[in-house]
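Below is one structure; the comments refer to it alone.
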Amino acid sequence: MGSRTQIIRGFVHAAAMIGLVAVTADARQAPPPPPPGKPPAASQVEKLGPNKFRIGNVSIDTEKKEVSVRGVSLEVTALEFIAVPKNGFKAYESALEVDTNAINFNLGLLLIGLDDSRTVRNPGIAPPKGDPVEIWVEWEDAGRPRKVRAEELVYNIETKETMSVGPWVYTGSMFDAANNAFLADIEGSLIGFVQTVGPLIDNPRPLKSVNYGSVRMNPNLNLKPGTGVVLTVRALPRP
């Protein structure tokens with residue numbers, strides 16, 4: 001990711017110094033993202049306690065290897081992403097919008113040990129490879145806490161099935177040198193499952209050919225649009 005990676009690595013080093021020892025066939029042509037404005041800057045790394053940090057609205061627990069951020073569920077008719085940043089361009093195809101930008105979210109992922117040097121991308125040829133993670137979504141349903149894996153959000157209305165359960169992989173997005181900006185911020189995507197190069201986290205399982213629009217938010221979860229959620233990414237041991 002070029003110079004952007006160097007900047008992010010610098011923040012990781014600074015944190016260490018203060019105590020840190022699917023779905024593609026028949027897809028419609030999406031409109032191009034708007035031209036990027038001034039790239040967002042990474043927020044300061046704040047130490048909250050032993051192994052606990054905050055970067056903007058992103059909370060990090062380096063002992064549990066977890067990154068968490070609040071957000072809301074969205075109303076969509078075709079799903080291709082799990083989460084987008086605040087005002088992300090891909091919100092029209094995402095289950096959740098979380099209160100952060102891609103730079104801060106990515107820095108949090110780096111702080112829990114994820115590394116894009118192990119990422120392998122072959123879009124359209126093979127699923128991506130990278131450091132494994134699991135993703136959880138929490139909210140209150142009729143006054144009771146509810147927690148599900150991100151895979152359960154993804155529902156095919158034709159087969160009546162949710163996405164298969166398993167780890168996701170950190171791919172790290174890319175730095176767009178032409179626009180001097182992070183692609184995850186330009187595109188407005190954090191977590192996807194259709195294996196594009198923009199998101200920071202993607203689906204490593206083979207894609208099934210389905211009709212665009214047949215994948216929706218799982219209606220069985222009763223996760224209504226506008227519901228407050230907490231998205232948590234947990235790093236898993238590498239094979």
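Summary table
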item: Subset of the range 67-78 [assigned to a loop (DSSP other than H, G, I, E, B) and closer than 15 Å to LEU221 by Cα]; result: LEU74, GLU75, VAL76
item: Residue satisfying all of: in the range 157-183; under 17 Å from ALA78 (Cα atoms) and β-branched (Val, Ile, Thr); surrounded by the most Cβ atoms within 10 Å (Cβ to Cβ) among these; result: THR162
item: Condition check for SER117: of a type in the set (S, T, N, Q), in contact with a helix residue (DSSP H, G or I) (Cβ under 9 Å, 6 or more places away or on another chain) and not in a loop (DSSP other than H, G, I, E, B); result: no
item: Selected residue (criterion: nearest to the chain's Cα centre (by Cα)) from residues of the range 184-231 that are surrounded by fewer than 20 Cβ atoms within 10 Å (Cβ to Cβ) and in a strand (DSSP E or B); result: VAL230
item: Among (1) farther than 24 Å from THR100 by Cβ; (2) part of a strand (DSSP E or B); (3) among the β-branched types (Val, Ile, Thr) - the single one THR159 does not satisfy; result: (2)
item: Qualifying residue in the range 61-70 (condition: more than 14 Å from VAL233 (Cα to Cα) and out of contact with any Ser or Thr (no Cβ under 8 Å at 6 or more places or on another chain)); result: no
item: Subset tally (residues that are farther than 20 Å from ARG205 by Cα, among the hydrophobic types (A, V, I, L, M, F, W, C), in contact with a Lys or Arg (Cβ under 8 Å, 6 or more places away or on another chain) and surrounded by fewer than 24 Cβ atoms within 10 Å (Cβ to Cβ)) for the range 72-102; result: 1
item: Residue among GLU134, GLU140 that is acidic (Asp, Glu), surrounded by fewer than 15 Cβ atoms within 10 Å (Cβ to Cβ) and assigned to a strand (DSSP E or B); result: GLU140
item: Pairs with Cβ under 9 Å, 6+ apart, first in the range 40-52 and closer than 15 Å to VAL67 by Cα and at pLDDT 90 or above, second in a loop (DSSP other than H, G, I, E, B) and hydrophobic (A, V, I, L, M, F, W, C); result: VAL45/ILE18; VAL45/LEU20; LYS47/ILE18; LYS47/LEU20; ASN51/LEU20
item: Answer residue from the range 103-114, given it is crowded, with 20+ Cβ neighbours inside 10 Å and not in a helix (DSSP H, G or I) and is farthest from the chain's Cα centre (by Cα) among those; result: ILE112
item: Boolean, VAL169 is in a loop (DSSP other than H, G, I, E, B) and either modelled with pLDDT of 95 or more or in contact with an Asp or Glu (Cβ under 7 Å, 6 or more places away or on another chain) (or both); result: no
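The values are calculated or read from the model by the stated rules, or taken from the named source; none is laboratory data. Being a predicted model, the structure only gives us computed values, none of them experimental. Glycine also receives a Cβ, built like all others from the backbone with ideal geometry; neighbour counts cover every protein chain displayed.
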